[in-house]
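**Student:** Pasting a structure here, questions to come.
The values are calculated or read from the model by the stated rules, or taken from the named source; none is laboratory data. In this text, all values refer to a predicted model and were calculated from it rather than measured experimentally. FYI the Cβ positions are ideal-geometry reconstructions off the backbone, even for glycines, and counts take in every protein chain you see. These area figures cover heavy atoms from the full protein model, side chains too; ligands, DNA and RNA do not enter into them. Shrake-Rupley method; radii C 1.70, N 1.55, O 1.52, S 1.80 Å.
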Amino acid sequence: MAESMVGLKRTHRCTEVSSANVGENVTVMGWVQRRRNLGALIFVDLRDRSGLLQILFDENEIGREGFDKAYTLRNEFVIAVEGVAAKRSGAVNESLKTGDIEIIAKSLRILSESETPPFPIEDNISTKEDIRLKYRCLDLRRPDIQSNIIMRSQVATLTRAFLAKEGFLEIETPMLTKSTPEGARDYLVPSRVHPGKFYALPQSPQLFKQMLMCSGYDRYMQIARCFRDEDLRADRQPEFTQIDMELSFVDVDDVIDVNERLLAYLFKEVLDVDVKLPIQRMTWQEAMDRFGSDKPDLRFGMELKNVTELVKNCGFGVFTGAIENGGTVRGINAKGQGMMPRKKIDALVDFAKGYGAKGLAYIAIQEDGTLKSSFAKFMSEAEMNALVAALDGQAGDLLLFAADRNKIVYSVLGALRVELADQMGLLDKNEFRFLWVTEFPQFEWSDEEERFVAMHHPFTMPMDEDIDKLESDPGAVRAKAYDIVLNGTEIGGGSVRIHQADIQERMFAALGLTEEVANEKFGFLLDAFKYGVPPHAGLAYGLDRLVMIMAKRDSIRDVIAFPKVKDASCLLTNAPDVVDAKQLHELSIEIEEEQE
């Protein structure tokens, strides 16, 4: 039967008790991790968010009634113990922070009993994730998950403190706003007061933070909740958290400077890792040419090599056909993988097809220097040797080639180099390689809409020297946009914003937006810009992604207290779910049943 806490007050968390407290009376509370019955003695490992502490129940100290009560304890019972801190009577446990002490119990109260949990409350369990998320309140008790959530809180607290010292003001922006469908799908919220009309949950605070710059607040920050109705991946959720900021009277270097110092501060304070400043910068074009990705992982090499010129007149139709259609031929060198079995190479081909490739060509350099290749019969010996030399092929290497339109070649080889690095054990989670990727394209062509769309958003400032190309050659315009990349993951991105009305009008025109449509979608921002707007720029981090990498986890679900799964549902609460007909009626909503 559960007992009351009346008259009790916790004096320490478990790991706050140390050898300095030996001889003192202490009161600790928490969950039973395990109980060991040695007959005359009972040992309990008590757990709270700080860690474990050993409790010793001795009948001579706690009395018969207390000892009998200790005998009934089971895993996950919640208890309060009053006792005396003492040096451990047995062997010291070097792996525990409290491994040299124990509490000799004088009294015990069982605050709550527990059924047998569906999985053990311990680190690195193999329980399926759907079970863990269904019983998330238990999963959140596990020390490794608690460590992640505590780290997340620490990162948020330190970020606020750092940015406050840098003159940023924390200002909240609305959660119920206007739908501006220029990116991912919005989550819509029906209005009861305005039947047939809808709010949208914010995909980001972008427009509001720009209006705050118009309002003279100079430096804004917010740890903001954002929502996007899009397909999920390991590093995406329908609701997520941004560290959001905007600055006035700045250009690219000013934004990068304050954020480099923020990152260095966070990694030093949280992980005791020194981030070397300044962080390396690379243009978008260089990143794509060298790594096939605008978020390259720099922890390993395996860079792309353009061999188009070498093979443009060869006899291999796959290469020449791609080149004739305006594409390129590029390759990567998987060092030391030349003896890879054909079955594994075929698996790499299938992997590449998942990224749009029609296939992969390869050259396996044997230990004796001979070449095994899928396309050698179409090539001269000189052409084969030239390819090997271009990729710095050595005995024992595996050379892989993709031929297609640039976009597909980049996508295929960019993903393939990361997959190979993973297979080869080159992805060290204890190494943190930062990179700024700059000068993104202003536009990208949408085959679906048959027009240019903004790669970031329509308020991104073009590079000064490219403004004259907005009408004549929009595909060549570069943006004052920048992403911060860590270990192959984009953890943040931003841009300098357009603050001149004439450039904004030209930007909308390049996107195919008439003045009427632009005013319908963004009129409230454009109106604000009529009354004196400072040059401004900003950046937003994905807090979930940042903490995921800092915690050395593979999924953001491990650093979010209550995450959704891949179909955007919550296994804990069974959301989304049906609602009462009365609620729908009040919102002027009628649900149509699907016809079979």
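**Student:** Could you tell me which residue of segment 370-427 is farthest from the chain's Cα centre (by Cα), considering only residues that are open to solvent by 40 Å² or more (accessible area, probe 1.4 Å) and of a type in the set (Asp, Glu)?
**Tutor:** Only one residue tops the list, namely 381.
**Student:** Among the residues in segment 33-52, are any surrounded by 14 or more Cβ atoms within 10 Å (Cβ to Cβ), in contact with a Ser or Thr (Cβ under 7 Å, 6 or more places away or on another chain), of a type in the set (A, V, I, L, M, F, W, C) and over 19 Å from residue 8 (Cα atoms)? Walk me through it before giving the result.
**Tutor:** Keep residues of segment 33-52 that are surrounded by 14 or more Cβ atoms within 10 Å (Cβ to Cβ), which gives 33-35, 41-52.
Those still in the list that are in contact with a Ser or Thr (Cβ under 7 Å, 6 or more places away or on another chain) too: 50-52.
In the following step, the residues that additionally are of a type in the set (A, V, I, L, M, F, W, C) were identified as 52.
Add one more test, that the residue is over 19 Å from residue 8 (Cα atoms), and what stays is 52.
Yes, segment 33-52 contains a residue that is surrounded by 14 or more Cβ atoms within 10 Å (Cβ to Cβ), in contact with a Ser or Thr (Cβ under 7 Å, 6 or more places away or on another chain), of a type in the set (A, V, I, L, M, F, W, C) and over 19 Å from residue 8 (Cα atoms).
**Student:** Filter segment 466-504 down to the residues that are under 17 Å from residue 456 (Cα atoms) and open to solvent by 60 Å² or more (accessible area, probe 1.4 Å), then identify the one that is farthest from the chain's Cα centre (by Cα).
**Tutor:** The extreme case among them is 478.
**Student:** Filtering segment 296-317 down to residues that are of a type in the set (Val, Ile, Thr) and buried (at least 19 other Cβ atoms within 10 Å of the Cβ), which residue is nearest to the chain's Cα centre (by Cα)?
**Tutor:** First, pick out the residues of segment 296-317 that are of a type in the set (Val, Ile, Thr): 307-308, 311.
Remaining after also requiring buried (at least 19 other Cβ atoms within 10 Å of the Cβ): 307, 311.
Details: 307: 34, 311: 40 Å.
Across segment 296-317, the extreme among qualifying residues is 307.
**Student:** Can you name the residue in segment 53-63 that is open to solvent by 10 Å² or more (accessible area, probe 1.4 Å) and not β-branched (Val, Ile, Thr) and, of all such residues, is nearest to the chain's Cα centre (by Cα)?
**Tutor:** 54
**Student:** Write out, first by first residue and then by second, each pair whose Cβ atoms fall under 6 Å of each other, whose residues are 6+ apart or on separate chains, and whose first residue, in segment 273-289, is open to solvent by 40 Å² or more (accessible area, probe 1.4 Å) while the second is of a type in the set (A, V, I, L, M).
**Tutor:** 277/264; 280/435; 284/437
**Student:** Considering only residues that are among the aromatic types (Phe, Trp, Tyr) and within 46 Å of the chain's Cα centre (by Cα), which ones fall in segment 64-80?
**Tutor:** 71, 77
**Student:** Which members of segment 25-45 meet the condition of being under 37 Å from the mean Cα position of the chain (by Cα) and in contact (Cβ under 8 Å) with a residue 40 or more places away in the chain?
**Tutor:** Scanning segment 25-45 gives 28, 29, 30, 31, 32, 33, 34.
**Student:** Kindly establish whether residue 89 is under 30 Å from residue 150 (Cβ atoms) and open to solvent by 10 Å² or more (accessible area, probe 1.4 Å).
**Tutor:** no
**Student:** Within segment 338-354, can you find the residues that are open to solvent by 50 Å² or more (accessible area, probe 1.4 Å) and over 21 Å from residue 320 (Cα atoms)?
**Tutor:** 339, 341, 342, 343, 344, 346, 347, 350, 351, 354
**Student:** A further question on this structure: Among the numbered criteria (1) modelled with pLDDT of 95 or more; (2) more than 30 Å from residue 132 (Cα to Cα); (3) surrounded by 15 or more Cβ atoms within 10 Å (Cβ to Cβ), which one does residue 8 miss?
**Tutor:** Tallying (1) modelled with pLDDT of 95 or more; (2) more than 30 Å from residue 132 (Cα to Cα); (3) surrounded by 15 or more Cβ atoms within 10 Å (Cβ to Cβ), residue 8 fails exactly one: (1).
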